[in-house]
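Enquirer: The structure under discussion is supplied below as structure tokens; questions concerning it will follow.
Please treat every number below as a calculation from the coordinates, not as lab data. Note that this is a predicted model, so its numbers are computed, not measured. We place every Cβ from the backbone using ideal geometry, glycine too, and count neighbours over all the protein chains shown.
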Amino acid sequence: PLDSEQLGRSTWAFLHTMAAYYPERPSGAQQRDMRRFLHLFSQFYPCEQCAHDLRERLRTNEPDTSNRHNFSQWLCLLHNEVNRKLGKTEFDCSRVDERWRDGWKD
Ligand code: FAD
């Protein structure tokens with residue numbers, strides 16, 4: 001059966017890792033494609049409530065795909081909105097590279 005908690009953890013790992021390795025200087029086409037990817041993703045993500053919630057957020061909060069840093073931060077803020085909604089602790093977005101790219105320093 002579909003476990004939306006496990007799916008969520010795996011999906012956030014995928015999304016944050018993809019953002020962590022997004023180009024420093026993306027072309028216009030790459031910026032557009034990543035925005036489209038997120039919109040398409042929100043149409044097929046197999047947790048109906050999560051997907052619906054994400055589509056609503058994307059209506060007023062267009063992904064900032066202008067460069068690696070901005071996209072990673074945008075995604076961190078989005079995840080924090082979901083954390084807040086679910087009553088989870090918020091993540092310190094200044095540590096997003098440590099978590100998803102470079103590894104914790106300690
Ligand atoms: P997760 O929230 O899955 O986080 C995994 C790890 O990411 C954490 O352990 C932490 O190390 C790191 N992390 C946490 N916050 C951040 C951040 N802001 N930036 C970077 N890294 C971070 N569940 C619902 O019940 N209802 C919903 O509407 C819903 N919507 C979702 C929408 C999307 C797009 C996704 C991918 C998942 C959604 N989920 C939803 C699932 C939910 O967000 C969690 O994935 C799930 O509850 C498991 O939570 P968790 O506590 O294991 O950590």
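Enquirer: Among the residues of the stretch 87-97, are any more than 10 Å from the ligand (Cβ to nearest atom), within 24 Å of Ser4 (Cβ to Cβ) and in contact (Cβ under 8 Å) with a residue 40 or more places away in the chain?
Expert: no
Enquirer: To continue, here is another question. Pairs only if they're at least six apart or on different chains, beta carbon under 9 angstrom, first in the stretch 12-23 and touching a residue at least 40 places away in the same chain (Cβ under 8 Å), second more than 12 Å from the ligand (Cβ to nearest atom) and basic (Lys, Arg); list them, first residue then second.
Expert: Pairs found: Ala19/Arg68; Ala20/Arg68; Tyr21/Arg68; Tyr22/Arg68; Pro23/Arg68.
Enquirer: Next question. Taking Asp33 as meeting all but one of (1) more than 10 Å from the ligand (Cβ to nearest atom); (2) under 11 Å from the mean Cα position of the chain (by Cα), write down the number of the exception.
Expert: Single failed check for Asp33: (2).
Enquirer: Would a scan of the stretch 87-103 turn up a residue that is surrounded by 15 or more Cβ atoms within 10 Å (Cβ to Cβ) and polar (S, T, N, Q)?
Expert: No, every residue in the stretch 87-103 fails to be surrounded by 15 or more Cβ atoms within 10 Å (Cβ to Cβ) and polar (S, T, N, Q).
Enquirer: Specify the residue that is farthest from the chain's Cα centre (by Cα); the eligible residues are those in the stretch 1-16 that are more than 6 Å from the ligand (Cβ to nearest atom) and closer than 22 Å to Pro63 by Cβ.
Expert: Taking the candidates together, the pick is Leu7.
Enquirer: Could you please find all residues in the stretch 41-85 being within 8 Å of the ligand (Cβ to nearest atom) and either within 16 Å of Trp100 (Cα to Cα) or touching a helix residue (DSSP H, G or I) at 6+ places or on another chain (Cβ under 6 Å) (or both)?
Expert: Correct list: Ser42, Tyr45, Cys47, Ala51, Leu54, Leu75, Cys76, Leu77, Leu78, His79, Asn80.
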